[in-house]
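Visitor: Submitted below is the structure of interest, expressed as structure tokens.
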Amino acid sequence: MNFNVRRLAADAGTFLSRAVQFTEEKFGQAEKTELDAHLETLLSRAESTKHWTEKIMKQTEVLLQPNPNVRVEEFLYEMLDKKVPMRANNHELLGECMIDSGHEFGPGTAYGNALIKCGETEKLLGSAEKELIQSSAINFLTPFRNFIEGDFKTILKERKLLQNKRLNLDAAKNRLKKARVADARSAELNSSPPLGEEYVAHFSYMLSFLHVRWLKAETELRIAQSEFDRQAEITRLLLEGISSTHAHHLRCLNDFVDAQAAYYAQCYQYMVNLQKQLGSFPSTFSNNNQQAGSSSASISVPTAQPAASLPAPPPSQTSPALNELRSTSGTRKARVLYDYDAASSSELSLLADEVITVSSVPGMDTDWLMGQRGNQKGKVPFTYLELLN
């Protein structure tokens, strides 16, 4: 084992001089070399980038996985470099529960069939959520984490080296300042040396020693200044790379937004399809007891149906009131029987049990009336309405 005592002593001396310089700066007993304004600005920008990157990353993880226990478990698996076990998310668990209950009630019943369809859609939502989490982790969280654990750690390392070089520079400046004061004092004494031949010889040796020490301090200062300037340039180049980091994070942010947009669009499509499937059920149906032969009250499902297959008009609309409305240009109040989603901009969406104003327009299809709710106006299917007296 090689043990360099001289190198160890030099390192200890350097560390001690830094400690003395740092302590004197804290107590205001030593001057401190200030960094230039541009470098200070870059350092502040890097710290701000690190701070907000960590916060955004943390909140994104909370958004993607609200359960803190699961986040801790995933972190431990990551630290142990093990694969996280696959688990069903909340949508998938709800979907499985609905499917099991639907099979229990019977797939042939309307309620059981609806539960199965809802369960299958919930499982699709769960799969879409997993895809969002995976995409966000790869394209958004990983680049942010790489910056914190990679680039910023390099910046911290170089900044620490810059701090040490600055302390070395200021310590060298203080040594040179003290050497100059001692050299000036020795020059004054040299002009009028004390009497005594032996004393004069020793005094001359001391003056020569102080002069050599002053020259050595100047050399150390030049070296320290050169090392400080070189380290400042290296640190500056690294800090200017923060602009590239921001550009990269912007691309990652766009990827994250695209992933969210695709996720919500996919979920919306799943729910629209589910609504259409549920809307295809008959408005009245019988349950298991009726199939077994015992009578039971029918259940009405007021769900929106496509305009192509409108429900049969209620008996009240075959009255002369409807004929009167069509034969005149007047208006009538009508109560909405079912929810209805407008299929185009010319139609008006409806909510069950609301009251709107309707009128008949010449040339309009006989299955439609013109509805108005406040400033909103559009065609409405008259089979969804009950004319009021």
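Please treat every number below as a calculation from the coordinates, not as lab data. Only a predicted model underlies this, so the values are computations on that prediction, with no experimental measurement involved.
Visitor: Counting only residues 5 or more places away or on other chains, whose amide H sits under 5 Å from the amide H of A342 once H atoms are built in the peptide plane?
Guide: S349, L350
Visitor: Tabulate in residue order the Karplus-calculated ³J(HN,Hα) for the stretch 346-352, using 6.51 cos²θ - 1.76 cosθ + 1.60 with θ = phi - 60°, rounded to whole Hz; enter x for Gly and Pro.
Guide: Result, ordered by residue: 7, 9, 10, 6, 10, 10, 4 Hz.
Visitor: Please list, or write none, the lysines whose alpha carbon is within less than 18 Å of the alpha carbon of K157, excluding same-chain residues fewer than 8 places away.
Guide: Cross-link targets: K50, K165.
Visitor: Let a ≥ b ≥ c be the square roots of the eigenvalues of the Cα gyration tensor of the stretch 322-387; is it rounded (a/c under 1.5), or, if not, prolate (a/b larger than b/c) or oblate?
Guide: Since a/c reaches 1.5 and a/b is larger than b/c, the shape of the stretch 322-387 is classed as prolate.
Visitor: Per residue of the stretch 137-152, what does 6.51 cos²θ - 1.76 cosθ + 1.60 with θ = phi - 60° give for ³J(HN,Hα)? Whole Hz please, x for Gly and Pro, Karplus curve as stated.
Guide: Those phi angles translate into 5, 6, 8, 10, 6, 4, x, 5, 5, 5, 5, 5, 8, x, 4, 6 Hz.
Visitor: A further question on this structure: Over 28 Å between C-alpha atoms is what I'm after, so list which of K58/K82; K83/K153; K82/K153; K117/K377 land there.
Guide: Beyond 28 Å: K117/K377.
Visitor: Taking amide H atoms as placed 1.01 Å from N in the peptide plane, list the residues 5 or more away in sequence, or in a different chain, whose amide H sits under 5 Å from that of L369.
Guide: Here the answer is V380, F382, since their amide H atoms fall under 5 Å of that of L369.
Visitor: Residues with amide H under 5 Å of L385's amide H, sequence separation 5 or more or different chain, H placed in the peptide plane at 1.01 Å from N; which?
Guide: L337
Visitor: Could you tell me whether the stretch 88-162 comes out rounded, prolate or oblate from its Cα gyration tensor? Rule is a ≥ b ≥ c as square roots of the eigenvalues, rounded for a/c under 1.5, then prolate if a/b exceeds b/c, otherwise oblate.
Guide: Judged from the Cα gyration tensor, the stretch 88-162 comes out prolate (a/c at least 1.5, a/b above b/c).
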